[in-house]
Every structure is written in structure tokens, then in C-alpha cells.
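The values are calculated or read from the model by the stated rules, or taken from the named source; none is laboratory data. Nothing here was measured: the structure is a model prediction, and the numbers come from that model. Here the Cβ positions follow ideal geometry from the backbone for every residue, glycine too, while neighbour counts run over all protein chains shown. Surface accessibility is based on the protein's heavy atoms, side chains included, excluding ligands, DNA and RNA. Shrake-Rupley method; radii C 1.70, N 1.55, O 1.52, S 1.80 Å.
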Amino acid sequence: MNGKERRTPRSSEDGIFQRSLFNLFTSQTQKKKSFAEKEKRQHSSRSTIFCKGSDLEESKDESRKENGRPKISNSGTEPCMVEQVPPVAADSALCSWRVKKFLEKWGKHPNDKVLDLNNCGLNATDIMELIAVIPLLPHLEEINLAWNDVIGGALEPLALQFKHMQELKVLRLNNCRLSAKDVIFLGEALEVIPCLETLDLSWNNIGGNLPLLTPKIPKGYNLKTLKVTDCNLVREDGESLAQLLNKLHSLEVLDLSINKNIGCSLKSIAQELKYVSNLKVINLHMCGLKQDGFQSLDGAFQHLLELRTLNVSCNKEIGGGFKNSAAHLASLSNLEVLDLHQCCITEEDMAVLTQIIPLLSSLQELNLSSNKSVGVSSDHLLSRLRFLPKLKSLHLSSCLLQQDSFASLAEAASHLPELEILDLSWNKCVGGNLKLILKALNLGAEIQVLRLSSCSLADEDLACLALVMQAGRLPKLQKLDLSYNNHISDQGWSTFYQSLAALEQLTELDVSLRLLSPCDCGEWFSELLAALPKLLKLTELGLQGWVLSEGQQKQLEHFNRDNERNICIDFWHGT
């Protein structure tokens, strides 16, 4: 090596020499090929292998052969004969060993169908080994390289290997710091991967580069899931995706969430959705969707009769536009999830939704959280939720519910036998009225998650909750959130904790206070400590805002140690 060929570090972080991974791959391949040919020549001169005890010996005596078979020596200890391993079998064993050794570094076991290296902190050396290992797994159906930054800028040699994965169905490259060149190489690989069904490129800053990839995907491609969450997509990317939809007739999941700059092209995308009539999931969360785009989306609903999930949350500019944009929403008879949280829904919008939502007979999850106008005009809608008998999850957090609308909800809840999740957080009207909803929930014991954070709960509310718990009316409750209810007295908390052991399935409990108004633990702490041994499934306990004495902290630590538990206890560390 002369002076001009000195190696320079690629970065101070990993100390990898600045050399093309593709060139490295090529040279390594040539070396392996030369070595394999040498091994093959040596292998052809070998004869039968014997083992004596645990040692292997190679017979060098050609006179032992008779009629093509080796003779067994009778002298000394009888050696056991091992048949000569065919070259193909030997190669197969070597391949399996190499794959196993490669995966052992991350505590993983070989799998002919799945290669999962998600969040393994791969470095450049690992990539080189990976390039050599992938051809040894020709029947792979899933490759997951997500959350490995080093993939960015090094996808070219990997993409060359992807081309030979004729059975590959799932490719996950989310958060790999893909570059524009990586997108080009990936596009070339996609041209010749016939069975790919899932492609996840989420959390890669590839905005403006999708036009380099989408034209390479052939018409009639079998892709069923396409995810590009938080990729900083821009108008050009949106227009490129719109043209792509005409090629993906089998598409079932389209996730464009958290791409705020794509809103201006969502109208074009919505107009092309008619070509993907099998679509089951559309996620447009925080996409900068505007009223004209939402109106075009509504026009596509008549072609999307298989749609199961519609998420247009956190698109504030569609508020006030439901009157002209929701005509076909009612035709989605198979819709199971409708997420409209934080959409600035107006009273006029609520009047439209009151007519449409009860017609969605398959609906299982409804999220209207963080829409302040819901509480003012929601009483008619909430009372009509009784027409949704399959509803399992209802989110009404921070909706400014009023007493009349809360009463309507309580009445409707008694007609929701499958309700599992109820979120009423940040609705002050719940305080003093919790008994209304608890009475309704008594009729159905399916509730698993109950969130009542910052609801101005009082002692009487916790007393009612304790009675319901004691009566065994919440046998499946797993998560209970009572945080930020600062008006409950020590006696109120004591009453609650005395009945806590009845929640045998409880895994998470949060009784935190606001950090700006911390309080000392009262007599209720002993009641909580007495209940903990009976909560065998509890894994998380939120006590933020409560000031624990040193002795109380040690009691919790001793409980975990003495009972061989590992409850994550989050408590106040202030002075």
C-alpha cells in the first residue's frame, strides 16, 4: 500500500474506514469463491472419516477399500464408522452454523422464514456479515432491519441480496436513516421481488425522494401494506403516491401519518383510492388534511366498502367541513375504527356525525377526544351510541362534557355489553356523578381499561367505585387511571385502597397528583401496602406528586424484594 492509499476514518464514532461497502462485499465474495474452490479440490481427495471415541480421524489407507466400501479395523477399540458426508450436506451444515453464530451475537435463534434484527445496533462489520448471511437463507419471508442507523448509505449491497429473495413478503426498514441513493437501490430491488406484501419505510427522512422509487414498482404489484409514517413527505411525494395507487390493486393498509407537508396532495391521493377497493386501513393522522382533501376522501368512500379503520385525527383544518364532506361515510358498513380526535369538530359537525355514526353498526372503536365542542352538543350523539352494540373502545377525553351529555352517555353505556375501554379523562363533570356511569357498567363486566384522570373526583366517587369493586363487578379491569384528582381526602383514598385487592387482574394503577401541588402520604399508605401482595398481576404503580418518607420508600423496596416482585413504582423525588 503506498502513501496515496492511506485509509481515513469514516467517523470518530465507529472508526470505520472510508471504503465502499459494495466494494468490500465484492472482494469478500471473490475471496470466499476462491476459498470454496480450494476446499472443493481438497475435499475430492478425501476418503471415509472414522471416529474413535469423540475424535475424528481421516483414513489414509486406500487398501481398506473393498468394492467401494471401507474396511473396519478390528485392532484395539472398535472405531465407529461415519459415512462420508456429501458436499451438499456439508455445505448445508456449514451454512446453518454460520447463520447461528451470526445471530447468537444478539441472543437470537435461526429461523428459515424470519430474519429479525430490529434495534440491534448493527455496525459496518455486522452489515458485511449480514450481506454474506442473507444468501444462506433463500426461503426468508420477512426481513426486519428497523432502528439500525448504519443501514443508511449502505443499502446497495443489501438490495442486491434482496433481489434473490423470491419468497420475501415483509421488508421493514423503518428508522434506518435511508438516503436518496438508498431509495433508488431499493426501487431497483422491488422491481424483481415478486411476493412482497409489506413495505415499511417509516421514520426515514426521505421527503422528496419517493418519485425515485414508485416508478420502479410494476403495475399489478402484490403489495398489501405500505407505511411511510413521519418521513417528511412533501407535495411531490404525495403526487407520486397517488400515481402508485393505480398499480397496487391489492393494497389493504396505507399509512401516511405524521407527514404535515403532504396535505396539499391528499386530494390527488383521495381521487386515486378508487383503484384500491380492497383497502382496509387508511391512516392520515396529522397529515395537514384540509376540507377539500377531506371532501375528496369522502367521495372515495363509495369505492372502499371493505374499509375497517379510518384515522383522520389531528387534522384541525377539517373542522367545520363535515356537512359537505361526510355524505358517503355512512356507507362504510364494515368500519370498525373511527378516529376523529383533535379535529376541531364544530357543533354543526356534531349534528352531521349524530346522524352518521349510529349507522356504522360494525364500529368497535370511536375516538372523539380533544374536541371541545363535543361536550356542548354531544348529548344526542352519546344517547344514540346504544345502536352500536359492538363498541369496545370509547375515548371522550377532554371533550368538556356537560352533566346532561354525561347522563346521556351513562344511559347508553348500559346498552354496550362489549365495552372494554372507557376514557373520560379531563371532563370535570364526572366528579360527583361517577355513580351514573358505574351503575351502567355494572350490567356489563367486560371493562378492562377505565381512565378518569383529572375528573374532579370526590370522596363519594371513590366510595362508589370501592363498592363496585367489592361487589366483583369489575372482574376484568386491568388498567385504572385516577391521576390528577387532588380533591380526594386521606379517608377517601383509604376507602378505595381497602377494596383494591378485589381487582385481581389489575396490571396498572395511577393515582399521581400534579407535581405543582405535592402532598404527603396519609394513613392510606398502609392500606395500599396491605393490598399490594394480593395484586399478583400489578406491574406499574404511579405515585407521582405524593411525597414518600424515607421509611415509606424502603417499605416499597422491601415489598418488591421480599415478595420477588418487580413492580415499577413511580413516586415523588422532590425535596
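General remarks:
- A straight line joining the Cα centroids of the range 316-341 and the range 492-528 runs 40 Å.
- Charge dipole of the range 387-513 about the Cα centre (unit charges at C-beta), most positive-ward option of ILE488, LEU434, ALA413: ALA413
- Surface analysis of the range 431-575 yields an accessible area of 48 Å² per residue, using protein heavy atoms and a 1.4 Å probe.
- Tensor-based shape of the range 385-497 (alpha-carbon gyration tensor, a/c under 1.5 rounded, otherwise prolate or oblate): oblate
- Selection from GLN342, GLN364, LEU394 lying farthest towards where the dipole of the range 305-413 points positive, charges on Cβ: GLN364
- Computed label-point distance, nm, for sites SER517 and ASN222 using a 7 Å Cα→Cβ extension: 6.1
- Net charge, SER526 excluded, C-beta distance under 15 Å - Lys, Arg +1, Asp, Glu -1: -2
- Rounded, prolate or oblate (a/c below 1.5 giving rounded, otherwise prolate when a/b exceeds b/c) for the range 290-333 by Cα gyration tensor: prolate
- Cα gyration tensor shape for the range 164-234, rounded if a/c is under 1.5, else prolate or oblate: prolate
- The calculated P(r) of the range 468-575, using every Cα pair and 10 Å bins from 0, goes 14, 50, 32, 4, 0 in percent.
- Here the accessible area is traced with a 1.4 Å probe on the protein chains. For the range 367-411, carbon and sulfur cover 51 percent of it.
- Net charge, LYS219 excluded, C-beta distance under 13 Å - Lys, Arg +1, Asp, Glu -1: +1
- Over 26 Å between alpha carbons, listed pairs LYS219/LYS280; LYS163/LYS224; LYS219/LYS260; LYS101/LYS216: LYS219/LYS260; LYS101/LYS216
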